[in-house]
Each structure stands twice: as structure tokens, then as C-alpha cells.
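Here's the structure, in C-alpha cells; my notes come after.
The values are calculated or read from the model by the stated rules, or taken from the named source; none is laboratory data. Just so it is clear, the structure is predicted and the values come from calculations on it, not from any experiment. We place every Cβ from the backbone using ideal geometry, glycine too, and count neighbours over all the protein chains shown. Only protein heavy atoms, including side chains, enter the accessible area calculation; ligands, DNA and RNA are left aside. Shrake-Rupley method; radii C 1.70, N 1.55, O 1.52, S 1.80 Å.
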Amino acid sequence: MKIGLLKIGKVEDSILSYLKENLTNIFPDVKCETLPETMPIPKSAYNPVRGQYNSSIVLANMKRFADKKAVYNRILGITNADLYVPHLNFVFGEAEFPGKYAIISLFRLRPEFYGERPNRKLFLERALKEAVHELGHTFGLKHCRNSSCVMFFSNSIIDTDRKSSSFCENCIKKLRIEKFE
Ligand code: ZN
Ligand code: ZN
């Protein structure tokens, strides 16, 4: 099982290194690589009224951009752009359910966004949780009612901070049934 990490727009390499290292600890038998190319943020996804990017459009563009990368079982896009879907104010990420492609936004994960002091460790932990969550969806996992499970739906950053970066026992079981296919 190979997961490719795709930068969408400018993203710090240290974030990708952190995700790579930790995703391999959480998902068994997974190899993680950063794709050498960076995908530009698609202009067509920008909504000038909202000042945000439509995550479904970005996801569709990712598929076109990375389609030839058959060596990867999953592709996780990482962006600093603020993402939304039409019926929500924002999303931390979106994924095919189940499928191959997922995306996370770092925009609302930095403590500075909430007027708090920068905290690199907290920021990276949040990014990891969102990455595991969206990848979980690609493996067919739904939202979990356990608020400490990574598959719990984050309505706000408080939910993200409350949950862990790992799957609860129930979700682990379902993940095993999926056999990472
Ligand atoms: Zn979700
Ligand atoms: Zn769970």
C-alpha cells in the first residue's frame, strides 16, 4: 500500500515529512512518498464571494493531475488554501468515500488562525488527525460517534483537539475488513 502526498500550492516540506513519518505508524504496511510535482491551486475552484476554494473542485482537479500516478493506492492533497463545500462554512478536508483521493486544508489548523500563539507541535498534530481522518474515508470508514476516535466529525477545531490521531477499536476492525484495497 502506497500513499502519495501531493502539495497543492505552496506547502512547507517539513509538514509533509511529519505526515509521512506518522502516517506509516498509524496505517499498517503503508509506504508514504511525496510526489515531486506541486499542483497549482485551480483558479476555477475559487469563490470570490466567499474568499474560499471549493474543495470538491480541487479534488476533481487532483484526479486529473495525479491520474497517471498508478503506483499510488491513495493520494492525499495538502493545501494552505481555505476549503469549503456549498452547504458548510468551511471544511478541514474532503475525501472520496471510498476511493483514492483525499485533501486536507492547513488553513484553519494553525493556532494563529484563532488568535492564539503559534504552536508548531499542536499544528502538526492537527494536520495528522485531519490526514488520518480523510484517508479513513477513502478506506470506507464513516464518521464515528466516539469523540476520541480520529473518525469523529470535526465541526470545529475543538473537536479536532479532543480526538486522537488513531482509530478506535471499532474503526480499526472495519479498516482491517477493508484490507487497505
Ligand atoms: Zn469526515
Ligand atoms: Zn471510531
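Observations on the structure shown:
- Here the gap between Lys43 and Ala60, fully extended at 0.36 nm per residue and compared with their Cα-Cα distance, gives a gain of 4.8 nm.
- Listed cross-link partners Lys10/Lys63; Lys10/Lys100; Lys142/Lys163; Lys7/Lys43; Lys63/Lys163 are compared with a 24 Å cut-off, the Cα-Cα value being larger for Lys63/Lys163.
- Taking all protein chains as shown and a probe of 1.4 angstrom, Lys20 keeps an accessible surface of around 60 Å².
- Placing +1 on each Lys and Arg Cβ and -1 on each Asp and Glu Cβ, with no other charges, gives the range 2-178 a dipole about its Cα centre of roughly 200 debye.
- Accessible surface of the chain, 1.4 Å probe, proportion on carbon and sulfur as whole %: 52 percent
- The chain - Cys residues lacking any other Cys C-beta under 4.7 Å: Cys32, Cys171
- The range 76-94 and the range 153-177: distance between their alpha carbon centers, rounded to Å: 18 Å
- Only Lys, Arg (+1) and Asp, Glu (-1) charged, at Cβ; the range 100-177 dipole about Cα centre in debye: 200 debye
- Note on the range 2-178: antiparallel DSSP beta bridges, both residues inside, total approximately 25 percent of the bridges counted.
- Stretch gain in nm, segment Lys2-Glu116, where the contour uses 0.36 nm per residue and the Cα spacing is subtracted: 37.4 nm
- Averaged per residue, the chain has 51 square angstrom of accessible surface, using a 1.4 angstrom probe with ligands and nucleic acids left out.
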